[in-house]
Each structure stands twice: as C-alpha cells, then as structure tokens.
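Structure first, then comments.
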Amino acid sequence: MKRAIIIGATSGIGREVAKKLLEEGWQIGAAGRREQELITLQAASPGRVSIQMLDITREDAPERLQRLITLTGGMDLFFLSSGIGRTNPELLPDTELSTVETNALGFTRMVTAAFHYFREHRGGHLAVISSVAGTKGLGPAPSYSATKRFQATYLEALAQLAHSRYPHIHLTDIRPGFVATAILDGTKHYPMLMKPERVAALIVRALNRRRRVAVIDRRYAWLVFVWRLIPPWLWVRIKL
C-alpha cells in the first residue's frame, strides 16, 4: 500500500486530495492545525488515516512530521498544501510578514525535511501546491505572488539537485488558479473559479503521472502563457 503524508489536510485542496488518494487505496498521514477536522477525516476511513497536529510556522514541525511518518508506516508521497494568501494593496506589514513566514519559511522548513527523508530512504515523491500567481508580480498581493515565485524557483532547484545526485526523488510543482476555498475573500468575484473536488482530481492525475509542473487547469495554462509574453513595461501599467 502506498503511503502519502498530506500537510494541510484539514480543509480545501489538501482535504480533497486526501479523499481522492483514499479512493485509490493509499494509506494517508494527515496533518494540520485543526484537530477536530483531522479526527473527522480519520473517522471517515478507519484504519487508513493517521493524524498529527502540525503548524508549519513552528520550529517543531519537522519533528511532528517525522512522528506522523512513523505512525503511517513510512512515506512515499509528501504533499504540502499549507499556505496563506491575501490581497494587500494597502501593504499592511503584518499581512506581508505572516505570508512570508508561512509561504516561504514554513514551506522551506517542511520541504527540506521531506527531501532529507527521501534522500535517506533512497527515493520518493515531493509535491507542493504553489500557484499561477508566482508567474508575475501581482500588485494587489505582493507577498503572495513573491512567495509563490520563491516556491517555484526552490522546487526547480531541488529538481535539478535530485536529477544530478538523487535520481529517485521526484518533484512536482502544482500551480492552480482561483479555487473556491476559505483562502479567498468570499465578498469578491473571481474569474475562472474552480471547485476543490475538480482541482483535486486533476492534481491526483498529475501526481500519478509524476508531472514536474502541473498548471491547474488548461484555461490557466493559457493565461500563464499569455502573461509571460507581456513585457515588464506593459505589465506595470495593467490595473488588477
């Protein structure tokens, strides 16, 4: 039985991916900050879900990860879905810094811990939810788009490192667009909004194919393609 550790399994994309993998017969180690949500997930699939409270911004998160891996009986797939994102055109310092703490520092803390595990166990699959927002600097969300660019570059570097030294470690950078989860402001309209269930199905397909980069979905793949064609002098003049 294949074993997946999912960080951020208490809601949104992480929870839906956990459900999809359970349908495919995986053993799941679920981690997150909300204990009751973890208990509910575990109760729905008795004997197949191990749980561990974990906050990626805390220094004890790698230790808690290792505890969950032991409870699960090992780790073949590490899936990081924890992250925050807010629009912040006012550039409020607390919002910017908390985003960096989670999406950059917390991300690095967990990804390096997982990479070390796979290196020691001679292989595994490391996947992270980043975002199409990392393609360009977005004026209304500076720290969010910047940290997502950081994640994409970090994963690219790890993929190169793995290819040259640890070829049995596989990396997947998953880049969704707008998904109807609690991370979005419910008072605003978001174009091409996707349902978490649909996104999870596409993510699991990408994981099974061990895609290096997966933009979710095709509409956003075209959007990213167009974004990259826009020169910097024109991009800064676009009002978002």
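The values are calculated or read from the model by the stated rules, or taken from the named source; none is laboratory data. None of these values were measured; they are calculated from a predicted model. Ideal geometry is used to build each Cβ from the backbone, glycine not excepted, and the neighbour counts take in all protein chains shown. Note: areas computed on protein heavy atoms with side chains; ligands, DNA, RNA excluded. Shrake-Rupley method; radii C 1.70, N 1.55, O 1.52, S 1.80 Å.
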Legend entry - Number of the condition not met by Glu59 [criteria: (1) assigned to a helix (DSSP H, G or I); (2) at pLDDT 95 or above; (3) open to solvent by 10 Å² or more (accessible area, probe 1.4 Å); (4) out of contact with any Asp or Glu (no Cβ under 9 Å at 6 or more places or on another chain)]: (1)
Inset, instruction - Go through (1) surrounded by fewer than 18 Cβ atoms within 10 Å (Cβ to Cβ); (2) within 19 Å of the chain's Cα centre (by Cα) one by one and return the number of the condition Ile51 breaks. - result: (1)
Inset, instruction - Considering (1) crowded, with 16+ Cβ neighbours inside 10 Å; (2) at positive phi, say which one Gly123 fails and leave the rest. - result: (1)
Inset, instruction - Identify, by number, the condition in (1) under 21 Å from Ala113 (Cβ atoms); (2) open to solvent by 30 Å² or more (accessible area, probe 1.4 Å) that Lys195 doesn't meet. - result: (1)
Inset, instruction - Kindly establish whether Tyr190 is of a type in the set (Phe, Trp, Tyr), open to solvent by 30 Å² or more (accessible area, probe 1.4 Å) and at pLDDT 90 or above. - result: no
Legend entry - Subset of segment 3-13 [farther than 19 Å from Leu71 by Cα and among the small types (Gly, Ala, Ser)]: Ser11, Gly12
Inset, instruction - Those residues that are touching a residue at least 60 places away in the same chain (Cβ under 8 Å) and either over 15 Å from the mean Cα position of the chain (by Cα) or open to solvent by 20 Å² or more (accessible area, probe 1.4 Å) (or both), I need them from segment 155-182; list them, please. - result: Thr181, Ala182
Legend entry - Matching option when the condition is over 23 Å from Gly12 (Cα atoms) and open to solvent by 10 Å² or more (accessible area, probe 1.4 Å), among Thr112, Thr87, Thr102: Thr112
Inset, instruction - Evaluate segment 5-15: report whether one residue or more is surrounded by 18 or more Cβ atoms within 10 Å (Cβ to Cβ), touching a residue at least 24 places away in the same chain (Cβ under 8 Å), on the phi > 0 side of the Ramachandran plot and not in a helix (DSSP H, G or I). - result: yes
Inset, instruction - Return the total of residues in segment 70-84 being under 16 Å from Gly8 (Cβ atoms), among the aliphatic types (A, V, I, L, M) and modelled with pLDDT of 95 or more. - result: 3
Inset, instruction - Residues being in contact with a helix residue (DSSP H, G or I) (Cβ under 8 Å, 6 or more places away or on another chain) and in a helix (DSSP H, G or I): count how many of those fall in segment 23-40. - result: 1
Inset, instruction - Quick one: in segment 214-235, of everything that is touching a residue at least 60 places away in the same chain (Cβ under 8 Å) and either within 14 Å of the chain's Cα centre (by Cα) or open to solvent by 100 Å² or more (accessible area, probe 1.4 Å) (or both), which residue is farthest from His163 (Cα to Cα)? - result: Arg228
Legend entry - segment 204-230: number of residues that are at pLDDT 95 or above and not aliphatic (A, V, I, L, M): 6
